[in-house]
Protein chains: 2
Amino acid sequence: MNEQRIGDNLTDVKVKNRALVLSLVKKRGLLSRIELARITGLTQPTITNIVNELITSNLLQEVGTSDTKAGRKPILLSFNNRAFYTIAISFSRHGFSVALTDLTPNILFRRDSNYELQENTEIALLELQKEFIHVLEYATQSLRLILGIGVSVPGPVEAETYTILAHPTFLNHKSLDLRSHLKEYDLPIFMANNADAACLHETWNGVAKEIPNMVYFMAGEGVGAGILIDGKLYEGKNKKAGEIGHTSVNIFGPRCVCGNQGCLEMYCNTEKILEKAREVAWFGESQFLRQLLTEKRDELKFHHLIEGAQKNDITCQNILKQLGQYIGVGIVNILNVFDPEVVVIGGEAALAKEFIEEPIRRGIEERLLYRDYVTPHIHYSQWGEDIRLLGAASVVLDHFMAGELGRF
Amino acid sequence: MNEQRIGDNLTDVKVKNRALVLSLVKKRGLLSRIELARITGLTQPTITNIVNELITSNLLQEVGTSDTKAGRKPILLSFNNRAFYTIAISFSRHGFSVALTDLTPNILFRRDSNYELQENTEIALLELQKEFIHVLEYATQSLRLILGIGVSVPGPVEAETYTILAHPTFLNHKSLDLRSHLKEYDLPIFMANNADAACLHETWNGVAKEIPNMVYFMAGEGVGAGILIDGKLYEGKNKKAGEIGHTSVNIFGPRCVCGNQGCLEMYCNTEKILEKAREVAWFGESQFLRQLLTEKRDELKFHHLIEGAQKNDITCQNILKQLGQYIGVGIVNILNVFDPEVVVIGGEAALAKEFIEEPIRRGIEERLLYRDYVTPHIHYSQWGEDIRLLGAASVVLDHFMAGELGRF
DNA sequence: GAATTTTTTTTAAAATATCACAAAATACTG
DNA sequence: CAGTATTTTGTGATATTTTAAAAAAAATTC
C-alpha cells in the first residue's frame, strides 16, 4: 500500500497544498481565494489553480460574495459536505449503531441496536450486518457516494489489520476481524478506539479545529484519552496509546483487572461511581436515591445522579463532586505531561459538567505544576451520545482529508 | 523570523530532502549514493545533486569505497563531524559546565564549575561568563566555526524568549534571561530542559536514531521526561510538557512542593532515596551504611548506595530495588499513555541499572495493560554524567540538522 | 580484452509554485 | 454618470525541483 518513500516529491507538495486548502475551507467555513492565499502564504495563482480543481471534483462550491470596501468582491467558497458520505459504526459496551453521515459529519440516517458484541458475538454480528445493509441500501437508493466505513470501538484495535482485540471490558472471548465481515461491500474500513475517534471529531468539527495539541479525556464506562499532537492523532507504536485510565494514581491501591494497582479508571469511571451511589443509597441520607432504588431496583444510571444533583440532592452532588475531584487529578496529570493547549472532557462524565466543573477547576488551580506560567483551557464535549457515531465518521473524514482516499 | 507560510513550496522539498540525506548519513554512518537513493526513494540524480552540494559545504566527505559483487564500487560518504562546532552549557542543581563539542557531538574541551546558579546568581553568572570566554577562546584559537550555543537546564524554560524560569528546585528567586547575558557573542542560543536535551541526544547519537516514538525517563535529583513523537521532540504548547515527575501516583499521598499530592518525584528522585538510606543507616542492619555515615557524616551520595549494593549489602540492594519498583510504576504509566517503541531510563538512577533493571522488568510484566500485545523496549542511558553537555550540544545539532541555521 | 554489472553523472522532460501582468468586477469621486 | 481607484481573480512565462532515460565511469568476470 505505502510505497515507502521518505524523500519528498513534487506531487507531495501538490497533495499537501490541496489538502490544506480543502481543510481550511472545511474548518473555517466561507473563505475567498485571496483569503486562502493570505492564510497559506501561497500565491494567488496557486490558490486559483487548486480551488478550480477542488470545484471540478465537487468538493468546493462558489456561494455568493462578501463585502469589501472597494474593488471586486471576493467569491466565497464553501465546503460541499454532500460531495461524499460515510457509513459510521459505533460500539458501546451495551450495543452498537450504524449510520449514514455526510462529510460535516451530520447523521442522516441511523439504526441502533442493543445486541452486545460481548455476549453472543455471532448473533450480534449477524444483527450488525443486517443493520449495515439497511443503512447501505438507504444510501445507494439516494445515490450517495460512500467514501468508506468508520468504526469506533471501546477497546484496543490491532494496528495493521484493524482487528478488534480481545479485552476484558468489551470483548473478552477472542479478537474479532470485523474487516473480513464487511469485506464484500468493497468499501475501505477504518477503525479507531472511541476516545481517538471522538478526538478526531473535535479537530474537524469541534473545539480543536485550529489547535495542534489537544487531549480528549473520556470518562464513562471506561476511561481513556485521545491525544492530538501537531494536528495529528497520536496513536503510539501499536495504536495502544492514550490508556490514561490505566495509569496508576494510587501505587498502594487495590489491584485493577489490568494488573496495575490503583488505576485512574478505578476512581473515575461511571460504573464505580454508581456502585458507590448504590452503597450510599440504602444507608445514606439521600431520600432521592433511596426512593429511586426502591422504585427501579438496581436500575440506577448515571443520569439519575445528575437528575438528583439538579434537584439539589446533597448526596448526589457530593458523589459527582468527588468524581470531579478524581477527574481533576487525571487532568492535572495530563496537563503536566502533555502541556496541551486544550483538554476536552467527554464521555458520560461530561454530562455532569455543571457539577464536576468546579472541583476540576479547583484541582487544577491547586495542583498544576506550572500554574503560574500556563493557563489550560478545559472544554466539555457538546455532542452527547452522538459523539460515538460522529467520531466514527470523523475517522473516515480524517483519512479522506489527508488525501489518502484519492478522490480529489 | 518565521515568515508564516503553512503552504508547501519547491524549496521546502529541497530543504527537507537535503536535511534527510544529511541526517541519514549522520545516523547510519557510511552510505553510498545508491543506498541513499534506495532508502529515501528519491532517484539517483537527485541524490547525486544533493550529495554534491553537501560535499561542497563540507558536511559530507567521500571516504573510500565498499565492496560489491561486481560493477563499479560505491563511493562511501561520511558525515563530517568537524565541519562545525557547538558550545554546550549545562546546568545541574550544584554547578554548571561549558564545553566545546564537534557535531557528533564529542566533548573536545570542557570547563566545570561548582557555582550554584541558585545561591548567588550574580557571581555564578560572572563565573559562567568567564568559563564561556575560556571555551570560546580555545575554539577561535583553532579556527573552529561555532554553530551556536546549546543550554541544558534542570527546570522550565520560557517558550518564546528562552528565559530560564524561576522554579523551586533550581532557580527559586527570579527568572533569568541567560540569552541577554551571552548576546554580545552574536551566536544563536538554544535552550532546553535537560530531559529534553538528553532525549535529543538519544535521537542523534543514541538508541533512538531510527525510532520515531520514544520517551526518555530521567530520574535523578528531579524526575522528568523528554518525549519524542514522530521523530521530533514534543514540548507542548508552552514547552512545559514531560513533567511526569509531578504526576500524582498517590492521590491520597503527602503534599508535594508543586501543590499536587503523591507526585512520582516524591518516590523516585534520588534525594528521597538517600533520605531513606540515611534514616535506615543509623538504625538498620547495614554495616556498610553505618560505617559510611560515621566516616563521611552526611556526605552519603547515590553512588555510595550502588557501591554498597555491589558489595552485597542487602539494605542498599533493597533500597535500590524499591527505587526500581517505583520507577517501574512510572514506566508503566508512560507505556500505557504513550505506547512508545522505546523507553530510555536516564539520570542518576540509570547508574544503578544492575539493581533496578529486574524490578522494573517485573513491574512491567505484572502491570502493563497491553502486555499481551506489545513488547516495550527499555534501555538505560550509556552516557553517564556527560549526557548533560552532550544533550546541550544536541539541542544545537537538532536545530542545525533541521536546516534552521542556514549553513547548508 | 570484451562482456557484464553496478554506481555515478549527464541530459532532457515533467510538474509545481512564483512572478509579472492582465482582466474582471465593484466602489468611490467629482 | 463617466472615470478612476481598488480589490479579486485569472493567464502566461519563468525558475526550481524531481524524474526518467540514457550515457559514462569503474570494477569484475569470463
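The values are calculated or read from the model by the stated rules, or taken from the named source; none is laboratory data. Bear in mind that the values here come from a model prediction, so they are computed numbers and not experimental data. Quick reminder, even Gly has a Cβ in these numbers, built from the backbone with ideal geometry, and neighbours come from all protein chains shown. These accessible areas exclude ligands, DNA and RNA; they are computed on the full protein's heavy atoms, side chains included. Shrake-Rupley method; radii C 1.70, N 1.55, O 1.52, S 1.80 Å.
Numbers at a glance
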item: Calculated FRET efficiency for the pair B:Arg93/A:Asp372, C-beta based, R₀ 22 Å, to 0.05; result: 0.60
item: Solvent-accessible area of B:Lys353 with every protein chain in place, 1.4 Å probe, in Å² to the nearest 10; result: 80 Å²
item: Coarse-grained scattering of segment A:1-146 at q = 0.12, 0.13, 0.15, 0.18 Å⁻¹, given as base-10 log I(q)/I(0) from a Debye sum over alpha-carbon atoms; result: -0.70, -0.77, -0.87, -1.00
item: Inter-centroid distance (Cα atoms) of segment A:291-340 relative to segment B:135-180, Å; result: 47 Å
item: Relative contact order, percent, segment A:214-381 [alpha-carbon distance under 8 Å, six or more residues apart]; result: 23 percent
item: Quotient of Cα Rg and 2.2 N^0.38 Å for segment B:275-364, N being how many residues it contains; result: 1.20
item: Computed over segment B:10-79: relative contact order in percent, which uses C-alpha pairs under 8 Å that are six or more apart; result: 36 percent
item: Copy-to-copy label separations for A:Glu295, where each label sits 7 Å from Cα toward Cβ, in nm and ascending; result: 7.6
item: Cα-based helix-to-principal-axis angle, B:194-205 vs chain B, degrees rounded to 10; result: 40 degrees
item: D_trans [Stokes-Einstein, Kirkwood Rh over alpha-carbon pairs] for segment B:202-242, 25 °C, 0.890 mPa s, µm² s⁻¹; result: 229 µm²/s
item: Theoretical ellipticity at 222 nm over chain B - DSSP helices of four or more residues, -39500 (n - 2.57) apiece, nearest 500; result: -13000 deg cm²/dmol
item: Inter-copy spacing of B:Glu365 label points, which lie 7 Å from Cα along Cα→Cβ, given in nm from shortest upward; result: 4.8
item: Within the accessible area of the protein assembly as shown (1.4 Å probe), percent carbon and sulfur; result: 48 percent
item: Within segment B:4-154, percent of DSSP bridges classed antiparallel, to nearest 5; result: 75 percent
item: Most positive-pole-ward Cα, B:Gln291, B:Met214, B:Gln61, against dipole of chain B from beta carbon charges; result: B:Gln61
item: Spin-label proximity, A:Ser66 to segment A:21-35 - amide N less than 11 Å from point 7 Å beyond Cα toward beta carbon; result: A:28-35
item: Spatially proximal aspartates and glutamates relative to B:Lys73 (Cα-Cα < 19 Å; intrachain offsets below 8 disregarded); result: B:Glu35, B:Glu62
item: Accessible area buried between chains B and A, both sides summed, probe 1.4 Å, in Å² to nearest 100; result: 5600 Å²
item: Calculated log₁₀ intensity ratio I(q)/I(0) where the Debye formula runs over C-alpha points of segment B:168-307, q = 0.15, 0.17 Å⁻¹; result: -0.96, -1.08
item: Cα-derived Rg over Rh, computed across segment B:10-79 with Rh taken as Kirkwood radius; result: 0.96
item: Cα coordinate range in segment A:214-381, projected on the principal axes (Å, largest first); result: 51, 34, 29
item: 5 angstrom amide H check on B:Met191, placed H, neighbours 5+ away; result: B:Val151
item: Segment B:230-307, Rg to Rh (Cα coordinates; Rh as Kirkwood inverse mean 1/r); result: 1.15
item: Computed over chain A: relative contact order in percent, which uses C-alpha pairs under 8 Å that are six or more apart; result: 15 percent
item: For A:Glu221, distant residues with modelled amide H under 5 Å away; result: A:Thr270, A:Glu348
item: Acute angle (nearest 10 degrees) that the helix B:314-338 long axis makes with the longest principal axis of chain B, alpha-carbon atoms; result: 50 degrees
item: Eligible aspartates and glutamates near A:Lys14 by straight Cα distance, threshold 15 Å, same-chain separation 8 or greater; result: A:Glu53, A:Glu404, B:Asp8, B:Asp12
item: Segment A:107-130 and segment B:220-269: distance between their alpha carbon centers, rounded to Å; result: 43 Å
item: At 7 Å out from Cα toward Cβ: B:Pro45 inter-copy label distances (nm, ascending); result: 2.4
item: Cα-based radius of gyration of segment A:125-204 once divided by 2.2 N^0.38 Å, which approximates compact folds; result: 1.18
item: Long-range tail of P(r) for segment B:221-263 (Cα pairs > 14 Å, %); result: 54 percent
item: Tilt relative to chain A, helix A:287-296 - C-alpha long axis, 0 to 90 degrees, to 10; result: 80 degrees
item: Above-threshold pairs, the threshold being 22 Å between Cα atoms, out of B:Lys240/B:Lys301; A:Lys232/B:Lys27; A:Lys130/A:Lys183; A:Lys272/A:Lys353; A:Lys26/A:Lys353; A:Lys237/A:Lys272; result: B:Lys240/B:Lys301; A:Lys232/B:Lys27; A:Lys26/A:Lys353; A:Lys237/A:Lys272
item: Cα radius of gyration and Dmax for segment A:70-182 (Å); result: 17.7, 68
item: Gain on full stretching of the segment that runs from A:Ile314 to A:Lys296 - 0.36 nm per residue minus C-alpha separation; result: 4.4 nm
item: The protein assembly as shown: projected area of the alpha-carbon convex hull, averaged over directions, in nm²; result: 42.0 nm²
item: When the convex hull of its Cα atoms is projected in every direction, mean area for chain A (nm²); result: 24.2 nm²
item: Rg and Dmax of segment A:339-408, Cα atoms only, in Å; result: 16.6, 50
